[in-house]
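In what follows, a single structure is set out as structure tokens and then discussed.
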Amino acid sequence: MRKYLTAAAVLVAGFGAPAYAGPFDCGVVYDEFDSFMNKNFLTQPDAYVRTLQGRISRSEYNSKQKGVLLLNASRKGFGVAIVHTNKNTRGKFLFTWSGRGDLRGSPLLILRDVTLFGRVQDGFGRRTYREIRVSSSQTVDLDTGRATQGKAADIWYRAVDANTIYLEAINGAKLTFPMETLCKR
């Protein structure tokens, strides 16, 4: 009897622990941003792939993230960011810098397919923003999808000069940038 109770306890304990898979076979996947970057991935992306934390420069994106992730044709050239906002929502978004500049000559930062969850574990409170355009030196509150100032802002697009451009988390928000694919090669 004791042997059966021990086996049952091990079995039950195993269901409560998260199981982390290795690389995924993407033979049936069109886009890993849609298919894989949900639930556990949004809470612990670095448990699945190598990541960059806090901020990414345009040159880091171009040399280390661009073209690495499996994205559909309409998303080619976009980076991927996982966010934990300063209002405790989690989500993801695509980003790129446009070739056209703002009034100061810095390229616009474009956030696309911003998806946030009030409760990421069950998908409750899902909010999406199709596109947010950001000029250099602007900050954005991702919870509202609006440019803002002060402690409400989650991200800052900072252009030091034409060659030194950053997307970074501020005010206690967290950004994580996946630097490798979830797919087997």
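Observations, loosely collected:
- Size of charge dipole - segment 67-185 - debye, nearest 20, with Cβ of Lys, Arg +1 and Asp, Glu -1, no other charges: 320 debye
- Amide H partners (placed H, <5 Å) of Leu52, local residues excluded: Phe177, Met179
- Taking all protein chains into account, the per residue accessible area for segment 25-123 stands at 48 Å² (1.4 Å probe).
- Three-way shape call for segment 65-185 based on the alpha-carbon gyration tensor, with the a/c threshold at 1.5: oblate
- DSSP-loop trypsin sites (Lys or Arg not before Pro) across segment 87-150, with at most 13 other Cβ within 10 angstrom: Arg104, Arg126
- Per residue, the solvent-accessible area of segment 134-185 (1.4 Å probe, heavy atoms of protein chains only, all protein chains present) comes to 47 Å².
- Here segment 42-134 is assigned +1 on the Cβ of each Lys and Arg and -1 on the Cβ of each Asp and Glu. Its dipole about the Cα centre then comes out at about 140 debye.
- The separation of segment 80-96 from segment 114-185, counted between C-alpha centres, amounts to 5 Å.
- Cross-link pairs Lys76/Lys174; Lys92/Lys151; Lys64/Lys151 - those with Cα-Cα distance over 28 Å: Lys64/Lys151
- Taking the protein heavy atoms of segment 34-185 in the context of the full set of protein chains, the accessible area attributed to carbon and sulfur is 46 percent at 1.4 Å.
- Less than 5 angstrom separates the built amide H of Gln138 from those of Tyr157, all sequence-distant by 5 or more or on a different chain.
- Bridgeable aspartates and glutamates around Lys87 (alpha carbons under 13 Å apart, same-chain partners fewer than 8 residues away excluded): Asp141, Asp143, Asp154.
The values are calculated or read from the model by the stated rules, or taken from the named source; none is laboratory data. Small disclaimer: the values here were computed from a predicted structure and weren't measured. Virtual Cβ from ideal backbone geometry, glycine too; neighbours counted across all protein chains shown. For the accessible areas, the whole protein counts, side chains as well, though only heavy atoms, and no ligand, DNA or RNA atoms are used. Shrake-Rupley method; radii C 1.70, N 1.55, O 1.52, S 1.80 Å.
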